[in-house]
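Chemist: Got a structure for you, written out below as structure tokens; questions coming shortly.
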Amino acid sequence: MPRIRFIWRLALILVAALVVIQLVAVAAYYVQRDRATRAGLHLPLPDQIAALVQLLDHASPEQAALVLRAVNGAGLRAEVRPDRPTISDADWRLDRVEAALASYLGGGDRFISARLIGVGGGQAQQARALLNGRARVVVSLASGGYLVVETAGELLARLFGLPAGFWAGIIGFIVMALAILAIARETRPLSRLAGSVERFGAALEPTPMAEKGAPEMRALIGAINRMQSRIATLVKSRTFVLGAISHDLRTYLTRLRLRVETLPPGDVRERVVRDVEDMQALVEEALAFAHATFVEPKKQPVDLVQLVTRECEERTAMGAAVSFDPPPQPVVVAGTPAALGRVVANLVDNAVKYGGRADVAVAALGDSARITVEDRGPGIPLGERELIFEPFRRLEDSRNREKGGAGLGLAIAHQIVELHGGTIAVTDRPGGGARFTVGLPRFVETGGADQAVPNTRAGGGRQGPRPITRQRAQSPR
């Protein structure tokens, strides 16, 4: 369920408060009127005219004159005419007032007419008349004649019982809308700042924002701009230093390897060769981790089925116990083939190294693609499952030659997957062992359909083993 943004939460709070105030004001008005007139929830003017009609129905001429004197005043004039006044069809008929009068008078065949004088059917004209117009109500009397009541001003309050506080609430709504617009304008830099920080976290490329808004907002934006610049500079410096060290170490390691070749064959020479190879793998992994941390991948359509097939066949050709049953259709994501291949290689190598074998699967699940790598090892303790993705974190305490390493394999995989907008997690495999799951967003064309990548595998099925053109350094946990 999407969360409501801050500005709309504030708007809902203000609207709810004003609605409550309006309801309380209307309720208080009717309660006060009910106490004064015992009229319940009757409309004010129709109820007043109904009471006047009931008095005049049985009043003598002298009593009728006194009643009319008591009623007439500013904004309200009542008189009894012997003949029915002319009713213009051009005037706006007040159906609700007529129905209320008929109800209050108990029905019958009385003549009842309620009109807004000089007002046609135009909505704008009617709205203005309700604020400052003139209404005429005509009711036939049982004693003969017609009661004619004319009222002007405060028509909404007289006709429909809307208190003056109601209009204060309407004005409050207008002021609230203007206030929300002003608040939205002031908080807009916060939304842009959040987007800038999010982009920086994904690409580590500074995206400075213009310093606008209140002084505090300008200070916050300026501080974040400077922080992004410093972080980017530090990361670039680290990458440069690691690259320079790696280049120099490669040179010395090459010289050392050439000198080792001059040693006589034997156990000492084999141990030195393995040490040199471990040092070479450490240098390569450190440089790869720095590169994956900083450089945003150049994305293109990548068929995970082809990529995983290639990585698994390379390891099968080397004698590793790796199984992969490819799905019949391509599963296409947006990414860098080399980087995603390194993720698969690291996970498969770890599964083989620590669990004896790797069972790999690829599946398409809606808008995402999933890669699953399972092993048959002892599994990973629950408390260690987040830590294993940190650099130089290894579950094995030993540094022996069979399972030793830099502890960067999973950290590199984690960085690459995050740069591709995906997720990586580890759980228990049913029956024992660890299960690593990588989720990646599927590649989508502008038109909204998945990119159709040609299936180059013969007959759409599994290819035979390919020649191994390169061998990856194994990446331990």
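FYI, it's all coordinate maths here, none of it is from the lab. Just so you know, these numbers come straight off a predicted model, no measurement behind them. Cβ atoms come from the backbone with ideal geometry, glycine included; neighbour counts cover every protein chain shown.
Chemist: Length gain on complete extension for the stretch residue 13 to residue 338, per 0.36 nm per residue less the alpha carbon to alpha carbon distance? List each step's numbers first, then the result.
Modeler: Working: separation 325, 0.36 × 325 = 117.00 nm, distance 5.15 nm.
Result: 111.8 nm gained on full extension.
Chemist: OK, next. Can you check what the net charge comes to around residue 208, using other residues whose Cβ is under 15 Å from the Cβ of residue 208 (Lys, Arg +1; Asp, Glu -1)?
Modeler: Numbers: positive: 192, 199, 212, 218, 226, 230; negative: 198, 205, 211.
Here the count lands on +3.
Chemist: Here is a follow-up. What's the FRET efficiency of residue 229 with residue 190 using the Cβ-Cβ distance as r and R₀ = 25 Å, to the nearest 0.05? Present the calculation step by step, with values, prior to reporting the outcome.
Modeler: Working: r = 20 Å, r/R0 = 0.81.
My answer for the efficiency is 0.80.
Chemist: Then there is this: Please sort 105-114, 411-420 by packing, taking for each peptide the average over its residues of neighbouring beta carbons within 10 angstrom, highest first. Before the final figure, lay out the partial values.
Modeler: On the way: 105-114: 14.0, 411-420: 23.0.
With the highest mean Cβ count within 10 Å placed first, the list reads 411-420, 105-114.
Chemist: Where does each of 351-358, 365-372, 251-258 land if you order them by average Cβ count within 10 Å, highest first? Before the final figure, lay out each step's value.
Modeler: On the way: 351-358: 21.1, 365-372: 15.4, 251-258: 12.4.
Sorting 351-358, 365-372, 251-258 by mean packing, highest first, produces 351-358, 365-372, 251-258.
Chemist: A further question follows. Using 0.36 nm per residue of separation minus the Cα-Cα distance, give me the extension gain between residue 271 and residue 65 in nm, one decimal.
Modeler: Gain on extension, residue 271 to residue 65, equals 61.5 nm.
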